[in-house]
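Taking it in order: structure first as structure tokens, then the write-up.
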Amino acid sequence: MYEAKDFTHLIGMDGLSEEQLTIHFGLYNGYVNNVNTVLETMKNMSDAKEFGPAFAEIKRRFGWEFGGMRLHEQYFENMTKSASPLNPESALAKKITEDFGSFDAWKTEFIKTASLRGVGWTILVHDTHANRLINTWVNEHDVGHLVTTTPIVVLDVWEHAFVFDFKMKRPDYIDVFMNSIDWAVAEKRFGA
């Protein structure tokens, strides 16, 4: 069984209220609980050899719940109360410059991606096969992922991530996120 991680250390960060974070942590906990429920349901159905339409639907639902759990973990893990700039000498900084031309060019594209209409996720991923960084948009927790890529920076742009503090002012929320990235976590994920 999966256990929810504790991200309460983020409470008190600039720009996101305790209420906003607490509500978001609760939503994340729901994904963890649903992953466990779906896994148990699939096991019971498999044991009973019930492989009909209900099994197909619960199997499909698993990707949604699991993706919601993991994406939220990656999002919370790559935020910090005491952000510092990306080390320009790090392998990640050098790769960003190589692939985007400059850190500012990457940042502009990442923010523009996060500003797309609709709900979803904006993720800087590393295509390890081509050794290339890509800013991507993921519509749903289980739709739109680039296969065999590693998430480096994950931003939740569903309204539940910001509506209590920012109403519908997504750009203000994105600005807070950009100033709260834990670049040490991003560098570790890049792993070069």
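Observations on the structure shown:
- Any hit, segment 2-23, residues being surrounded by 17 or more Cβ atoms within 10 Å (Cβ to Cβ) and touching a His at 6+ places or on another chain (Cβ under 8 Å): no
- Filter result for Leu10 (under 24 Å from Arg170 (Cα atoms) and either among the hydrophobic types (A, V, I, L, M, F, W, C) or touching a residue at least 24 places away in the same chain (Cβ under 8 Å) (or both)): yes
- Failed criterion for Ile152 (all others in (1) buried (at least 18 other Cβ atoms within 10 Å of the Cβ); (2) of a type in the set (A, V, I, L, M); (3) closer than 18 Å to Phe25 by Cα hold): (3)
- For Thr136: the one exception among (1) hydroxyl-bearing (Ser, Thr, Tyr); (2) at pLDDT 95 or above; (3) open to solvent by 60 Å² or more (accessible area, probe 1.4 Å): (3)
- Remark: pairs (first residue in segment 160-186, under 21 Å from Thr22 (Cβ atoms) and of a type in the set (S, T, N, Q); second residue in a loop (DSSP other than H, G, I, E, B) and open to solvent by less than 30 Å² (accessible area, probe 1.4 Å); Cβ separation under 7 Å; 6+ apart in sequence or on different chains) = Ser180/Met13; Ser180/Thr80.
- Val125 vs. criteria surrounded by fewer than 20 Cβ atoms within 10 Å (Cβ to Cβ) and among the aliphatic types (A, V, I, L, M): no
- Hey, Glu109 exposed (fewer than 15 other Cβ atoms within 10 Å of the Cβ), among the acidic types (Asp, Glu) and over 16 Å from the mean Cα position of the chain (by Cα) or not: no
- Candidate set from segment 78-94 (those that are over 21 Å from Asp14 (Cβ atoms) and aliphatic (A, V, I, L, M)); member that is most open to solvent (accessible area, probe 1.4 Å): Ala91
- Criterion (in contact (Cβ under 8 Å) with a residue 40 or more places away in the chain, touching a helix residue (DSSP H, G or I) at 6+ places or on another chain (Cβ under 9 Å) and at negative phi) met by exactly one of Phe100, Phe55, Phe76: Phe76
The values are calculated or read from the model by the stated rules, or taken from the named source; none is laboratory data. Because the structure is predicted, anything quoted here is derived from the model rather than measured. For neighbour counting, all protein chains shown are included, and Cβ atoms are generated from backbone atoms with ideal geometry for every residue, glycine included. Keep in mind that these areas ignore ligands, DNA and RNA; they rest on the heavy atoms of the full protein, side chains included. Shrake-Rupley method; radii C 1.70, N 1.55, O 1.52, S 1.80 Å.
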